[in-house]
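Colleague: Sharing a structure, written as structure tokens. Questions coming.
The values are calculated or read from the model by the stated rules, or taken from the named source; none is laboratory data. Everything numeric in this text was worked out from a predicted model, so none of it was measured. Positions of Cβ are backbone-derived with ideal geometry, glycine not excepted, and every protein chain shown enters the neighbour counts. When the accessible area is computed, the model is the full protein with side chains, heavy atoms only, and any ligands, DNA or RNA have been set aside. Shrake-Rupley method; radii C 1.70, N 1.55, O 1.52, S 1.80 Å.
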Amino acid sequence: MIKNITNLGDAAVYCDFGNQIDQETNLNVIKYFKNLRELKVKGITNITPSYNKLIVSFDPSATNYENIKNKILDLKSKKNQNQNNKLIKIPICIDEEYSLDIKRLSKKLKIQNEQIYSSFLDKEYYCYMTGFIAGMPFLGDINENIRLNRLETPRVKVPMGSIGITEQFCNIYTYESPGGWNIIGNTPIKVFNKLNQENPTLINPGDRVKFYKINKQEYKNYNE
Amino acid sequence: MSNGYFKIHRPGINSTFQDLGRFNLHHIGIPLSGVMDKRNYLIGNKLVENSNNISAVEFAYQGPLLKLQSTKVTAAITGDVNFKILRANSNIENGQCYETFELNDGDQIDIISTNKSVYGYFFINGGFEIESFWKSFSINTKAKVGPNDGAKFNFNQKLFIKNKESKFQKKKIEHLNSKIEFIRVLKGTNFDYFSEEAKNNFFNKEFIVSKLTDRMGMRIEGPKIENIVETNIRSEGLIKGVIQVPGDGNPIIMLSDYGTIGGYPKIGVVISADHDRLAQLIPGSKIKFKLVELNEAENLYKLYEIETKNILNQIR
């Protein structure tokens, strides 16, 4: 449920679902997101779900805060959302060419590389949100034994396809981009494909993701 | 005869196609994009008799040098822009903003610089032969989305013209871009993360627009804005105008190509009525913030819209 609703500037409504970051809270956010999208409310320009917030921006020439706020509060979010969420399998290559921060992780966490990977590959992850850069999925929760903060100094360029972990989360860099997550491997899969205009993102909020290991040769051959 | 084109002899610093933006894609990480100065965009399209969804060429600081290979086109430039028209017969004319001019085969347009402002706009009647992407002609260079493969203009490219020929209509308007004394802001959702001193400084001291300013965001420098709660928040959605303050205490204002999600506390949000003038502030400009309430911001936006309509109505 929405715990607090307020304005973000004069052209957005800010919905807070509480401080808890867990799947239940996030599923609630996504439910509101989907229901609101279906309504196609005049004047809404964007709906942005994240872990525990939903930000609804609008065109101030077409509507105003009070209007959109009431539309959101009127939503019957009890409506059962059809669960069309998918399980997506993502190959990861952990060759040293791609696992840029495995040494740092191993040293700081004081566990062996192999244990980090077995812990990481063991779990199925949940997609909380997509964004920051186009199509980047924010996945969680990784096992507690492999959680670490971001790099003190972020990289200027993280290679496209990099798979990073930080705190309780894991992500995939859909483009070469600046970033501070601990990189443990790379995937040859195109997680964001702008040429697929209908469905550009492979992983959407609410989906589940499982990683599986491939070797360097399989990585190189993947897109052939 | 096939459609003509402009050949790019000099691309300029950051020349792209822009329109009113790309909507409803935040949830996959695609920001609004679109023109940085909406009023100047609307004026230009009205001058050349285009509808508002026909894209303009937006340039920053230095614009392109373009040579026309075509029959006649009707063109206009808006903003505060210094440009020349180099006629095929070697005559050189000083360009005037806010009035239409005609270009003929072999003419060149040299957009030399913007004056004490950042962005200017070049329009032609009928627009360019480009394809929309996700219902917008805006180029987003970060996601590489939009016409021209989502890249800014480059040397020797051709910008194809949509209309085969346009009948020249002289249109003009007296317009001065108003200067701004204050950037008006609403309290952000993390306003209470900042110390009393920081909040006082934010609304009373001067800030300087930094060189690290582009279509994504504007960094400003001034007294450090001290956070007394937590310098990171759980990442959440962003919109144009949000002022985030990272751990180093230097605010960043989100502009059209912002990242859709961010994890720094928000001290404020620039009101919609001030977006155009904010985007036009050049690095080194002094900037002062003024706190307003939501109902004031809403009224100021209505006023901004009425002013824009009045200007557009004067174009005949």
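Colleague: Would you call B:K164 more than 16 Å from the chain's Cα centre (by Cα), part of a loop (DSSP other than H, G, I, E, B), at pLDDT 95 or above and among the basic types (K, R)?
Modeller: Details: more than 16 Å from the chain's Cα centre (by Cα): yes; part of a loop (DSSP other than H, G, I, E, B): yes; at pLDDT 95 or above: no; among the basic types (K, R): yes.
Answer is no for this residue.
Colleague: Which condition does B:S166 not pass, out of (1) open to solvent by less than 30 Å² (accessible area, probe 1.4 Å); (2) farther than 21 Å from B:D105 by Cα; (3) of a type outside the set (K, R), if it passes all the others?
Modeller: (2)
Colleague: Still on this structure, please answer the following. Which of the following residues is at pLDDT below 95, in contact with a strand residue (DSSP E or B) (Cβ under 8 Å, 6 or more places away or on another chain) and among the charged types (D, E, K, R): B:K84, B:K72? Show your work before the answer.
Modeller: Working: B:K84 fails: at pLDDT below 95.
None of the others qualify; the one that does is B:K72.
Colleague: Picking from A:N46, A:N35, which residue would you name as being more than 11 Å from chain B (Cβ to nearest Cβ), closer than 24 Å to B:W134 by Cα and polar (S, T, N, Q)?
Modeller: Working: A:N46 fails: more than 11 Å from chain B (Cβ to nearest Cβ).
Answer to the check: A:N35.
Colleague: In the stretch B:235-253, which residues are more than 10 Å from every other protein chain (Cβ to nearest Cβ) and of a type outside the set (V, I, T)? Please lay out each step first, then the result.
Modeller: Filtering the stretch B:235-253 down to residues more than 10 Å from every other protein chain (Cβ to nearest Cβ) leaves B:244-253.
If the condition is that a residue be more than 10 Å from every other protein chain (Cβ to nearest Cβ) and of a type outside the set (V, I, T), then B:Q244, B:P246, B:G247, B:D248, B:G249, B:N250, B:P251 are the ones that fit.
Colleague: Going by the conditions given, is B:F203 of a type in the set (A, V, I, L, M, F, W, C), touching a strand residue (DSSP E or B) at 6+ places or on another chain (Cβ under 7 Å) and within 14 Å of another protein chain (Cβ to nearest Cβ)? Even if it seems obvious, please write down each step before you answer.
Modeller: On the way: of a type in the set (A, V, I, L, M, F, W, C): yes; touching a strand residue (DSSP E or B) at 6+ places or on another chain (Cβ under 7 Å): yes; within 14 Å of another protein chain (Cβ to nearest Cβ): no.
Taking the combined requirement at face value, the residue does not satisfy it.
Colleague: Which one of the conditions (1) surrounded by fewer than 24 Cβ atoms within 10 Å (Cβ to Cβ); (2) at pLDDT 95 or above; (3) over 30 Å from A:T201 (Cα atoms); (4) out of contact with any helix residue (DSSP H, G or I) (no Cβ under 9 Å at 6 or more places or on another chain) does B:F59 fail to meet, given that it meets all the rest?
Modeller: Unmet condition: (1).
Colleague: Further, regarding this structure: Just wondering, is there one or more residues in the stretch B:220-227 that are of a type in the set (A, V, I, L, M, F, W, C), within 14 Å of chain A (Cβ to nearest Cβ) and touching a residue at least 12 places away in the same chain (Cβ under 8 Å)?
Modeller: No, the stretch B:220-227 contains no residue that is of a type in the set (A, V, I, L, M, F, W, C), within 14 Å of chain A (Cβ to nearest Cβ) and touching a residue at least 12 places away in the same chain (Cβ under 8 Å).
Colleague: Quick one: count up the residues across the stretch A:83-117 that are outside any loop (DSSP other than H, G, I, E, B), surrounded by 13 or more Cβ atoms within 10 Å (Cβ to Cβ) and without any contact (Cβ under 8 Å) to a residue 60 or more places away in the chain. Give the derivation first.
Modeller: Initial filter on the stretch A:83-117 (outside any loop (DSSP other than H, G, I, E, B)): A:87-93, A:102-109, A:113-117.
With surrounded by 13 or more Cβ atoms within 10 Å (Cβ to Cβ) added as a condition, the list becomes A:88, A:90-93, A:102, A:104-106, A:109, A:113, A:115-117.
Retained after the next criterion (residues that are without any contact (Cβ under 8 Å) to a residue 60 or more places away in the chain): A:106, A:109, A:113, A:115.
Matching residues across the stretch A:83-117 total 4.
Colleague: Further, regarding this structure: Out of the strands (runs of 3 or more DSSP E) lying entirely within the stretch B:20-102, which hold 1 or more residues that are in contact (Cβ under 8 Å) with a residue 12 or more places away in the chain and over 19 Å from B:Y5 (Cα atoms)?
Modeller: On the way: elements: B:56-60, B:65-69, B:73-78, B:81-86, B:92-94.
Ranges flagged: B:56-60, B:73-78, B:81-86.
Colleague: While we're here: Restricting the stretch A:53-64 to residues that are crowded, with 22+ Cβ neighbours inside 10 Å and facing chain B (nearest Cβ under 7 Å), which is nearest to B:G263 (Cα to Cα)? I'd like the intermediate steps shown before the answer.
Modeller: Going through the stretch A:53-64, the residues crowded, with 22+ Cβ neighbours inside 10 Å turn out to be A:53-58, A:60.
Add one more test, that the residue is facing chain B (nearest Cβ under 7 Å), and what stays is A:53, A:55, A:57, A:60.
Details: A:K53: 12, A:I55: 14, A:S57: 18, A:P60: 25 Å.
Restricting to residues being crowded, with 22+ Cβ neighbours inside 10 Å and facing chain B (nearest Cβ under 7 Å), the top hit is A:K53.
Colleague: Can you tell me which residue in the stretch B:263-273 is farthest from A:F138 (Cα to Cα), limited to those that are facing another protein chain (nearest Cβ under 10 Å) and open to solvent by less than 10 Å² (accessible area, probe 1.4 Å)?
Modeller: Residues of the stretch B:263-273 facing another protein chain (nearest Cβ under 10 Å): B:263, B:266, B:268-273.
Those left that are additionally open to solvent by less than 10 Å² (accessible area, probe 1.4 Å): B:266, B:268-271, B:273.
On the way: B:K266: 21, B:G268: 26, B:V269: 26, B:V270: 28, B:I271: 30, B:A273: 34 Å.
Restricting to residues being facing another protein chain (nearest Cβ under 10 Å) and open to solvent by less than 10 Å² (accessible area, probe 1.4 Å), the top hit is B:A273.
Colleague: Given B:I180, B:I111, which one is among the aliphatic types (A, V, I, L, M), part of a loop (DSSP other than H, G, I, E, B) and either open to solvent by less than 60 Å² (accessible area, probe 1.4 Å) or without any contact (Cβ under 8 Å) to a residue 12 or more places away in the chain (or both)?
Modeller: On the way: B:I111 fails: part of a loop (DSSP other than H, G, I, E, B).
Just a single option satisfies the conditions, and that option is B:I180.
Colleague: Would you check if there is a residue in the stretch B:139-154 being crowded, with 21+ Cβ neighbours inside 10 Å, on the phi < 0 side of the Ramachandran plot and part of a strand (DSSP E or B)?
Modeller: Yes, the conditions are met somewhere in the stretch B:139-154.
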